[in-house]
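Colleague: Quick one: structure below, then a few questions.
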Amino acid sequence: MHLLRSAFLALVMLAAQPAQAQAPRPLVWGDTLPATLDPHAIFDVPSQFVLLNVYDGLYRYQGNPPRLEPWLAESHTVSADGLTWDFTLRAGVKFHGGSAMTAEDVVYSFRRLLTMNRGPSAAFTPVLTPDRVTATGPLTVRFVLSSPYSPFLTAMPLVAIVNPRAIAPNVVNNDWGAAWLAVNSAGSGAYSVLPGNYQPRVSLDIQRFPDFFRGWAGNPRPVETVRARPVMETSTRVLALLRGEIDATDSYLPTDQVERVERNPRTRVARDESMRVFVIRMNNMRSPFNNRDARLCLTHAFNYEGFNNVILRGFVVRNGGPNPNNLWGNPPDLVPYAFDLTRARAHCDAARAAGVDLSRPLEIHVQNELEQTVQAAQMYQADLRRLGITLRIVPNTWPGITSSTTRSETTPDMWIHWVSTYFVDPENWVGQMYDSQFHGTWKASSWYSNPEVDRLLRAARTSLNREERQRLYADATRRVVADAPDIWVYNTVNLRGLSRRIEGYTFSPVGSGGEIRLMSLAE
């Protein structure tokens, strides 16, 4: 860790050196970096930075509340039965290598995603196979689904269109170029990766792509170069912002640092309503979490009011289930679980009476670079102690935890994270978190299983009627909440520390405001 910190400080000091007179110094982005640059191999918040800036999809979310806009596609049509989707592509889109994008490139990208079966593929594999994606013309693509799938269009921004001509020379043992694309890029986005500088979770340099298909007329002073340099420790991250060593923190700025950042004349805090849900997961396939009374005991033992309004100073809003409060399909009458140690103790007693052993220490994994996860675990640890339950806090990282969730045997007892907005549909939250067909993904890492919930969620995603979908998702959500498979804490306000030299920062819940093409720098 000491070596990583030293390397980071050396890199940001280099970035802060006086630039040539004709250009401002590069933008230094202090957010978390993904473990790989391959947009088809990973599906998390850090990967959104690469997806938004280096790649393009057929559609993209913009603004807040997020609206779905045609991007590489100009338009689409869908058959009356919801199975056949035809997309017409824009002409004149260029990849960073200079070649024009065609329908065959879109076909290749989806087939690569579906065959590799990693990252965002889970949103499509239940209804789409590689052979059912075809080019029907130079700029037209057809998708034929095995069954209707209403979130199909809303999930479309998850899929980056890649350049097969850049990947093909680097394919090894039929790996679809995965090893090469993990440290290189093959996109058409507003920025291209500077080769040779990427180190997973340590450093990434990108430069403006002059031939970006949307042009640059709307931003006369675009950022030319971005140096992404994450800082692991919260105190170091905030100090680096205050000193001008970085220009932006991640979007999880601790609330106790907000006033400190806003007092500094060179920095500010961007506060934006988000759709990011804070959740404590419980491994429902492992004792004691496989007992509902034990889960209710643990649910009533978390001090929601104390965490949300004291530790987080009221910057968040309590939510009673897995969906954001402002999402359609979320039951408006949902009553959140309350902090009540008397009720918690009664449920613990009921669990013990049923033969559940609550004497073993429970482990909760936290993301040690995100202070809120540590604060929540420490507060929770103290309250559980009053019930005679020992909670051990295990420092970990996002990649470390998510890589363990592929099997129930290796998934932690409990862990803390956020479910962010990858696409705007209940499928993004309750659908992929609690349908048992998604077991083995980090989103479904509570290993919850309820056949009736499975039925409702599967009916909701295949229905073509919005009112029916809303009813089905609401019913499924109520049943999930009644089973208490997890602990849902709040719907967040996005807090990102920014240098005042950044102009044009624009927030969308999808990507958390990380779209660089809209920004410029004041010197």
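The values are calculated or read from the model by the stated rules, or taken from the named source; none is laboratory data. What you see is a predicted model, and the numbers here were worked out from it, not measured in a lab. Every residue, glycine among them, receives a Cβ derived from its backbone with ideal geometry; neighbour counts consider all protein chains shown. Each accessible area value is taken on the protein alone, full model and side chains, heavy atoms only, with ligands, DNA and RNA left out. Shrake-Rupley method; radii C 1.70, N 1.55, O 1.52, S 1.80 Å.
Colleague: Would you confirm whether or not region 289-302 contains a residue that is under 21 Å from Thr390 (Cβ atoms) and open to solvent by 40 Å² or more (accessible area, probe 1.4 Å)?
Modeller: The answer is yes; a qualifying residue exists.
Colleague: For Arg237, are the conditions met, namely being part of a helix (DSSP H, G or I), crowded, with 21+ Cβ neighbours inside 10 Å and in contact (Cβ under 8 Å) with a residue 24 or more places away in the chain?
Modeller: Taking the combined requirement at face value, the residue satisfies it.
Colleague: I've got another one for you. Every residue in region 146-166 that is in a helix (DSSP H, G or I) and crowded, with 19+ Cβ neighbours inside 10 Å, please.
Modeller: Phe152, Thr154, Ala155, Met156, Pro157, Leu158, Pro164, Ala166 - these are the residues of region 146-166 that are in a helix (DSSP H, G or I) and crowded, with 19+ Cβ neighbours inside 10 Å.
Colleague: Next question, about the same structure. So in region 493-519, with the set limited to residues that are in a strand (DSSP E or B) and open to solvent by 20 Å² or more (accessible area, probe 1.4 Å), which one is farthest from Asn264 (Cα to Cα)?
Modeller: Only one residue tops the list, namely Val493.
Colleague: Can you tell me which residues in region 167-190 are closer than 22 Å to Phe209 by Cα and either in a loop (DSSP other than H, G, I, E, B) or at pLDDT below 95 (or both)?
Modeller: Once the filter is applied, which keeps residues that are closer than 22 Å to Phe209 by Cα and either in a loop (DSSP other than H, G, I, E, B) or at pLDDT below 95 (or both), region 167-190 yields Ala182, Val183, Asn184, Ser185, Ala186, Gly187, Ser188, Gly189, Ala190.
Colleague: Could you look through region 258-270, keep only residues that are under 26 Å from the mean Cα position of the chain (by Cα) and not β-branched (Val, Ile, Thr), and pick out the one that is surrounded by the fewest Cβ atoms within 10 Å (Cβ to Cβ)?
Modeller: So, considering only residues that are under 26 Å from the mean Cα position of the chain (by Cα) and not β-branched (Val, Ile, Thr), the one surrounded by the fewest Cβ atoms within 10 Å (Cβ to Cβ) is Arg268.
Colleague: Between Asp333, Asp357, Asp256, which is touching a Lys or Arg at 6+ places or on another chain (Cβ under 9 Å) and part of a loop (DSSP other than H, G, I, E, B)?
Modeller: Asp333
Colleague: Take region 243-257 and flag every residue that is crowded, with 18+ Cβ neighbours inside 10 Å and farther than 20 Å from Thr373 by Cα.
Modeller: Selection gives Glu245, Ile246, Asp247, Ala248.
Colleague: Okay, moving on. Does any residue of region 307-315 turn out to be within 19 Å of Asp483 (Cα to Cα) and either under 27 Å from the mean Cα position of the chain (by Cα) or basic (Lys, Arg) (or both)?
Modeller: Scanning region 307-315 turns up no residue that is within 19 Å of Asp483 (Cα to Cα) and either under 27 Å from the mean Cα position of the chain (by Cα) or basic (Lys, Arg) (or both).
Colleague: Return the pair list, or none, for Cβ contacts closer than 9 Å from residues in region 107-118 that are touching a residue at least 12 places away in the same chain (Cβ under 8 Å) to residues that are open to solvent by 10 Å² or more (accessible area, probe 1.4 Å) and of a type in the set (Asp, Glu), at least 6 apart or on different chains.
Modeller: Partner pairs satisfying both residue conditions: Arg111/Asp131; Met116/Asp175.
Colleague: Which ones in region 313-327 are in contact with a helix residue (DSSP H, G or I) (Cβ under 6 Å, 6 or more places away or on another chain) and closer than 22 Å to Ala444 by Cβ?
Modeller: Gly321, Pro322, Asn323
Colleague: Return the pairs, sorted by first residue and then second, in which the second residue is open to solvent by less than 30 Å² (accessible area, probe 1.4 Å) and part of a helix (DSSP H, G or I), the first residue lies in region 471-485 and is closer than 13 Å to Pro332 by Cβ, the beta carbons are less than 8 Å apart, and the residues are 6+ apart or on different chains.
Modeller: Taking only residues 6 or more apart or on different chains, the pairs are Tyr473/Pro426; Tyr473/Val430; Tyr473/Gly431; Tyr473/Leu456; Tyr473/Leu457; Tyr473/Ala460; Thr477/Pro426; Thr477/Val430.
Colleague: Here's a check for you: in region 323-374, which residue that is small (Gly, Ala, Ser) and out of contact with any Pro (no Cβ under 9 Å at 6 or more places or on another chain) is nearest to Thr477 (Cα to Cα)?
Modeller: Only one residue tops the list, namely Ala338.
Colleague: If you don't mind, another one. Tell me the residue from Ala482, Ala522 that is over 21 Å from Pro148 (Cβ atoms), modelled with pLDDT under 95, of a type in the set (A, V, I, L, M) and open to solvent by 10 Å² or more (accessible area, probe 1.4 Å), please.
Modeller: Ala522
Colleague: Another question, if that's okay. Within region 23-71, restricting attention to residues that are of a type in the set (S, T, N, Q) and not in a strand (DSSP E or B), which residue is surrounded by the fewest Cβ atoms within 10 Å (Cβ to Cβ)?
Modeller: Only one residue fits best here, namely Asn64.
Colleague: So Ala344 ticks every box in (1) surrounded by 20 or more Cβ atoms within 10 Å (Cβ to Cβ); (2) outside any helix (DSSP H, G or I); (3) more than 27 Å from the chain's Cα centre (by Cα) but one. Which box is left unticked?
Modeller: (2)
Colleague: Being open to solvent by 50 Å² or more (accessible area, probe 1.4 Å), under 19 Å from the mean Cα position of the chain (by Cα) and closer than 30 Å to Thr236 by Cα is true for just one of Glu273, Glu363. Which residue is that?
Modeller: So the residue among Glu273, Glu363 that is open to solvent by 50 Å² or more (accessible area, probe 1.4 Å), under 19 Å from the mean Cα position of the chain (by Cα) and closer than 30 Å to Thr236 by Cα is Glu273.
Colleague: So how many residues does region 104-136 have that are open to solvent by 10 Å² or more (accessible area, probe 1.4 Å), assigned to a helix (DSSP H, G or I) and farther than 17 Å from Leu89 by Cβ?
Modeller: The total comes to 8.
Colleague: Counting just the residues of region 395-443 that are touching a residue at least 24 places away in the same chain (Cβ under 8 Å), among the β-branched types (Val, Ile, Thr) and in a loop (DSSP other than H, G, I, E, B), which one comes out surrounded by the fewest Cβ atoms within 10 Å (Cβ to Cβ)?
Modeller: My answer is Thr406.
Colleague: Under 7 Å by Cβ, and 6 or more places apart or on different chains, what pairs join a residue from region 446-461 that is modelled with pLDDT of 95 or more with one that is assigned to a helix (DSSP H, G or I) and of a type in the set (Lys, Arg)?
Modeller: Asn450/Arg479; Glu452/Arg479; Val453/Arg479; Ala460/Arg469
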